[in-house]
Amino acid sequence: MHAVLVGCGRVGAELAKALEDRGYTVAIIDKNPAEFEKRLHPGFNGKKVAGLGFDKDTLEEAGIEEAELFASVTRGDNSNIVSARIAKEHYGVKNVAALIYDPRRVEIYERVGISTVAAVGWMTDQMLARLLPASESVEWTVGDGDVVVAGVQAPDSLIGQTIGSLEDPGKVTMVAVTRLGVTEIPDKGSLIQEGDFLHLSILKSALPEFDERLKATKESERG
């Protein structure tokens, strides 16, 4: 399986490594060839192509005609979306995504069938999730929005308790725990540790009740 990436910044370099680790052959394009030596992980075995991600000859040198995956992750929104549209509409690549820095453009690009990742919007949501109550820091919604996934910082009073003790059947289920920068799916019997960031699936109608529960927990710490 072959993947073509445009943009050898930090995101492109990490994607290249992640895809190679998963068994893909990778070609990465950047207009500045110095970025290849600066950014790519040691041992990168893929193809490095100097050029623009929307140039036909450059794309074909990178193997776009055999690609199953294409991602454009440069610093330019316009370049990313043009490259992604060419990959999808001209070359018929099945799985195409583009990095977008202006969240106002996301809906426009999604309408033309390009999957997007809004970098600024994602980072803002992640920061809010660490600062606000669960009802105000929803990370994403499921289905028609009746179920949400929210993130909360584990209160000190929960340290040492089991993951399962925070759950409420039919209302709240633990999805994952981020600990020391690593996110994992925990066992129900795992103990909550200091600094844990908890990702929970919550029935939307139960969010106020869950927030009150956490608020009471934090007040008991002060009391």
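Where a number appears in this text, it was derived from the coordinates with a stated rule and is not lab data. Everything quoted here is computed from the prediction, not taken from an experiment. Quick reminder, even Gly has a Cβ in these numbers, built from the backbone with ideal geometry, and neighbours come from all protein chains shown.
Structural remarks
- Interchain or long-range residues, amide H under 5 Å from Asn95's placed H: Phe70
- Cα-centre dipole for the chain with unit charges at Cβ (Lys and Arg positive, Asp and Glu negative), debye to 20: 380
- Here the Gaussian network model covers the chain, with springs between Cα atoms less than 10 Å apart; of Thr183, Thr74, Thr58, Thr183 fluctuates the most.
- In degrees, nearest ten, helix 119-129 long axis to first principal axis of the chain (Cα): 10
- Relative contact order (%) - the chain, alpha-carbon pairs under 8 angstrom, separation at least six: 13
- Whole-Hz ³J(HN,Hα) from phi, Karplus 6.51 cos²θ - 1.76 cosθ + 1.60, for the range 64-80, glycine and proline x: 4, 5, 10, 6, 9, 10, 9, 9, 10, 10, 6, 7, x, 4, 4, 4, 5
- As a proxy for reagent exposure, ranking Met174, Met1 by other Cβ atoms within 10 Å from fewest up yields Met1, Met174.
- Put simply, the C-alpha atoms of the chain give a gyration tensor, and the ellipsoid matching it has half-axes of 41, 19, 15 Å, longest first.
- The GNM of the chain, with springs linking C-alpha atoms under 10 angstrom apart, assigns the highest mean-square fluctuation among Ala50, Ala18, Ala84 to Ala18.
- Taking a straight Cα-Cα cut-off under 25 Å and skipping sequence neighbours fewer than 8 places away in the same chain, the lysines within cross-link reach of Lys171 are Lys188, Lys204, Lys215, Lys218.
- On Cα atoms only, tilt of 10-21 relative to the major axis of the chain in degrees: 90
- With each label modelled as a point 7 angstrom along the Cα→C-beta vector, the Lys188-Glu107 pair spans 4.1 nm.
- Computed from backbone phi with θ = phi - 60° and the Karplus coefficients 6.51, -1.76 and 1.60, the 3J(HN,Hα) list for the range 98-110 is 9, 8, 10, 8, 9, x, 5, 8, 4, 4, 4, 6, 5 Hz; x is used for glycine and proline.
- Only one residue of Gly160, Gly113, Thr217 has its Cα farthest out toward the positive end of the dipole of the chain, where Lys and Arg carry +1 and Asp and Glu -1 on Cβ, and that residue is Gly113.
- Placing +1 on each Lys and Arg Cβ and -1 on each Asp and Glu Cβ, with no other charges, gives the range 1-94 a dipole about its Cα centre of roughly 280 debye.
- Under 15 Å, Cα to Cα: Lys pairs in the range 2-123, sequence gap 8 or more or different chains: 8
- Put in line by how crowded their Cβ is, counting other Cβ atoms within 10 Å and starting with the fewest, Asp211, Asp57, Asp102 read Asp57, Asp102, Asp211.
- DSSP bridge pairs, the chain: antiparallel proportion in percent, nearest 5: 50
- Leading residue at positive end of dipole, the chain (Cβ point charges), from Gly189, Ser72, Gly170: Ser72
- Shape category assigned to the range 136-222 from the gyration tensor of Cα positions, a/c cut at 1.5: oblate
- For the range 2-123, the residue among His41, Thr25, Gly63 whose Cα projects farthest onto the positive side of the dipole built from Cβ charges is His41.
- The Rg/Rh ratio of the range 2-123, with both radii computed over alpha carbons and Rh defined as the Kirkwood radius, is 0.94.
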